[in-house]
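Below: one structure, written as structure tokens.
The values are calculated or read from the model by the stated rules, or taken from the named source; none is laboratory data. Values in this document were obtained by computation on a predicted structure and should not be read as measured data. No Cβ is skipped: glycine too gets one built from the backbone with ideal geometry, and neighbour counts run over all protein chains shown. Remember, those area values only see protein heavy atoms, side chains included, never the ligands or the DNA or RNA. Shrake-Rupley method; radii C 1.70, N 1.55, O 1.52, S 1.80 Å.
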There are 2 protein chains.
Amino acid sequence: MSNAPAEARPYHHGDLSRALVDAARRLLESEGPSALSLRAVAREAGVSPAAPYHHFKDKGELLDAVAHEGWLMLDEALGRAKAAAPSIREAVAELGVAYVCFARDHPALYRVMYDCARDKESLPEAMQQDGDSAYCKVRDTLIEAGADPSASVDLELATVAAWCSAHGLAEMTSFKQFDPLKEACGGETAFLRAVFNHMGLVRAALGE
Amino acid sequence: MSNAPAEARPYHHGDLSRALVDAARRLLESEGPSALSLRAVAREAGVSPAAPYHHFKDKGELLDAVAHEGWLMLDEALGRAKAAAPSIREAVAELGVAYVCFARDHPALYRVMYDCARDKESLPEAMQQDGDSAYCKVRDTLIEAGADPSASVDLELATVAAWCSAHGLAEMTSFKQFDPLKEACGGETAFLRAVFNHMGLVRAALGE
DNA sequence: TCCGTATCTAGGCGCCGTAAAGATATCTTG
DNA sequence: CAAGATATCTTTACGGCGCCTAGATACGGA
């Protein structure tokens, strides 16, 4: 192994943990969450079934790593949506739409993200206070949209409400019962905006 | 077997499918969803590992039966909540609180319900049109609270919004990050009401 | 150069979902 | 009531799973 890719490359394989997470995400996209066995991930990465155990305590820890990347991706998606919002007034709804679209475009990853969170009864710690996390982006946007930052409980409640709404809608949109309703609204994003509007989220955030 | 329990009792065991579903729900409550293997269910019911295959096509079909009972229970819980609401104005929020409390009290069952629904990308068909399903209860309550029944798209959107909000909140309340916020609100149900209020659900439903 | 250590493989354990074949109890038909 | 048909359950078996232990291998520092 002479032609190393200039990266810090450990002993045998060359950053196997990285390769395992990538393999897991590949399998997740192509075969769905139910096909994501630790052995299949090792197979996909071209190593023996026991190799992952030198980098992850167990299957759950590998899934945690996959989920972590999902939260980072979601964070980026929300950041892009906020930047692209035409006005701060609409930014809250835009965040919601972007959130649901992320879940629609990466359904298996999204499922792993929340499955991991439920198992430990806690959202990833990076969500809460790091200032630039997805959750904080929502809260900051609410403030910029006019919410009172000194009413900390109200602000937190509004953030939770927004997050719950987006998550709930993200899980519902995949059900085919709502297809006719989407059509009646004139497309999926129009449907999403309409539902968010019916939740009164923006109005509530601005205290109207 | 002379002392039959007066019920219609099939060949050997006596309504094994019933016993299997009961055993599954027992295991679900005591050991959680991850421990719910088909073999464990058969063990709990006192039959061989292959016996369930004469009553259910595969594990998924058994879980479907369990989930179905869950939806019935949720339906009943919402019915009780609506009946107990002090005024029709508050009935919508009461339904939401009852929904979340159901999910909190039967977390494993609730998870199975939505896992089954996600797998077939469809909520149980009994949810949509049967007139007395959980979903219809929400819609009817919105009408009674003042929503315009002739604006069918708006009405449907409001129902979806309410359902999404409740589901989203149901999944979030289990995360321990929100414990301090619950305390600041003065208890869990106060927290639930506050979040629903911040969603502006009732206001939106009444078109204010 | 050589040893310690990090990394990976081989093999095995007990569990899982499920299929096939045989045993047994019940229903049906005469 | 007899006897064949049928539904129910058991036994056995296969491959895959998560995970563990022991051994082989390659790298890094002394």
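Annotations for the structure displayed:
- For chain B: span of alpha carbons on each principal axis (Å, largest first): 64, 42, 34
- Relative to the Cα centre, the charge distribution of chain B, modelled as +1 at Lys and Arg Cβ and -1 at Asp and Glu Cβ, gives a dipole magnitude of about 500 debye.
- Per-copy distances of the A:Leu72 label point, shortest first, in nm (7 angstrom along Cα→Cβ): 4.8
- Distance between the pseudo-spin-label points of B:Ser174 and A:Glu121 (7 Å out from Cα toward the beta carbon): 1.0 nm.
- Straight-distance crosslink candidates among lysines, where the alpha carbon sits under 30 Å from A:Lys57 and sequence neighbours closer than 8 are dropped: A:Lys120, B:Lys59, B:Lys176
- Inter-copy label distances at A:Gly46 (7 Å, Cα→Cβ; nm, one decimal): 5.6
- Extension gain for B:Arg80-B:Ser30 works out to 15.4 nm (0.36 nm per residue, less the C-alpha to C-alpha distance).
- Taken as entire DSSP H runs, the helices of chain B that both span 20 Å or more between Cα atoms along their own long axis and average 0.5 or more on the Kyte-Doolittle scale are B:88-105, B:152-172.
- Of the residues B:Lys176, A:Lys182, the one with the largest accessible area comes first in the ranking B:Lys176, A:Lys182, computed with a 1.4 Å probe on protein heavy atoms.
- Residues in the stretch B:57-73 that a label on B:Asp22 would reach, taking backbone N under 16 Å of a point 7 Å out along Cα→Cβ: B:66, B:69
- A Förster radius of 51 Å combined with the Cβ-Cβ distance from B:Arg89 to A:Asp15 puts the calculated FRET efficiency at roughly 0.30.
- Charge context of B:Ala40, other residues only, Cβ under 15 angstrom, K/R +1, D/E -1: +1
- Averaging the Cα positions of each part gives two centres, and for the stretch B:149-170 and the stretch A:108-166 these lie 22 Å apart.
- Buried surface for the B/A pair, taken as the accessible area of each chain alone minus that of the pair with a 1.4 Å probe, is close to 4000 Å² in total.
- Solvent-accessible surface ranking, highest first, for B:Glu94, A:Glu44 at 1.4 angstrom: A:Glu44, B:Glu94
- Most fluctuating residue given options B:Leu38, B:Leu157, B:Leu72, as computed from a GNM of chain B linking Cα atoms under 10 Å: B:Leu157
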